[in-house]
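Asks: Submitted below is the structure of interest, expressed as structure tokens.
Computed from the coordinates by the stated procedures, all read-outs in this text should not be read as laboratory data. Small disclaimer: the values here were computed from a predicted structure and weren't measured. Here the Cβ positions follow ideal geometry from the backbone for every residue, glycine too, while neighbour counts run over all protein chains shown.
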Amino acid sequence: MKMKKTLLLSALLIFACSSELFCQDYMKMNKKNLRVEYQRKLNQIDSLKKVLDLTYSVNQNLQSNLNNANSDLLSISDSLKNSKNELSRLGFEIDHLVKKVSDKNLQIDSLRNSLIDFYVAKDSLQLHLTIARDSIEMISLENEQLINNTLNSDNRSRGVTYWKIKNNVEPGIANKITIQNNPLEITICARSKSFSIFDKVVVEGHSIRLKKRGNIITMTGAGDGTSARFLLYDDMMTMEVFEDGKSEGKKIYIKTKRYSCN
């Protein structure tokens, strides 16, 4: 409202100045012309008032727009400040995450190096284990060879030979036989059990006689009248069983290596 009054006062001053300039001309006019001139001036004043009102309205709109713009600027400024603060916070979080990622990468590198050291140690231990296993196998082979040589030497000194039946037979039949010549002894395996017979051994109150002549071994003296004859060749042996002097058949055996009775 104060602005409107100021504009109206300015217009009146301008009108007054212009009226003073034309004062002498008005003195020369008659009443009719003065009335016309007066009405024209009133119309001019009305026009000026309308212009002033329009200018004031436009000015008010501009002022309102300016206030709105200032409010928007303040809001934008606040948003920018908040955005700046948020960016600062996000920047701090990013730096923190980058540091954590860097620490994790260092841990991964450390674990990778530890894993490499582990595999190197594992390969080294595997190599040592292989060498130790080979050494044990070599020692075992050497010991086995030594034992076999000792046994073979002992067997040769005692004249020991090992025999197994050529064909599969029914249970209860002697499937493996060991013959020792010095002193004379026969070990028979049947049903995973073994029993040994030597000269003058007593079985169920009867003295068994075991004799060898050349490549023939005879076993006599069993209480039930059973006797046996073993005929030895280089790589084959026959065992013939007799009951009361009557042959019950022959079994063929082939020479084999040392065995266990099972």
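Asks: Exactly one condition in (1) in contact (Cβ under 8 Å) with a residue 24 or more places away in the chain; (2) exposed (fewer than 15 other Cβ atoms within 10 Å of the Cβ) is not met by MET239; state its number.
Replies: Failed condition: (2).
Asks: Let me ask you something else. Looking only at region 231-260, which residues are among the hydroxyl-bearing types (Ser, Thr, Tyr) and closer than 22 Å to THR178 by Cβ?
Replies: Of everything in region 231-260, those that are among the hydroxyl-bearing types (Ser, Thr, Tyr) and closer than 22 Å to THR178 by Cβ turn out to be TYR233, THR238, TYR253, THR256, TYR259, SER260.
Asks: I need the full set of residues from region 192-222 which are touching a Lys or Arg at 6+ places or on another chain (Cβ under 6 Å), in a strand (DSSP E or B) and small (Gly, Ala, Ser), in order please.
Replies: Of everything in region 192-222, just one residue is touching a Lys or Arg at 6+ places or on another chain (Cβ under 6 Å), in a strand (DSSP E or B) and small (Gly, Ala, Ser), namely SER207.
Asks: Another one. Determine whether GLU185 is under 23 Å from TYR259 (Cα atoms) and acidic (Asp, Glu).
Replies: Judged against the criteria, GLU185 is a match.
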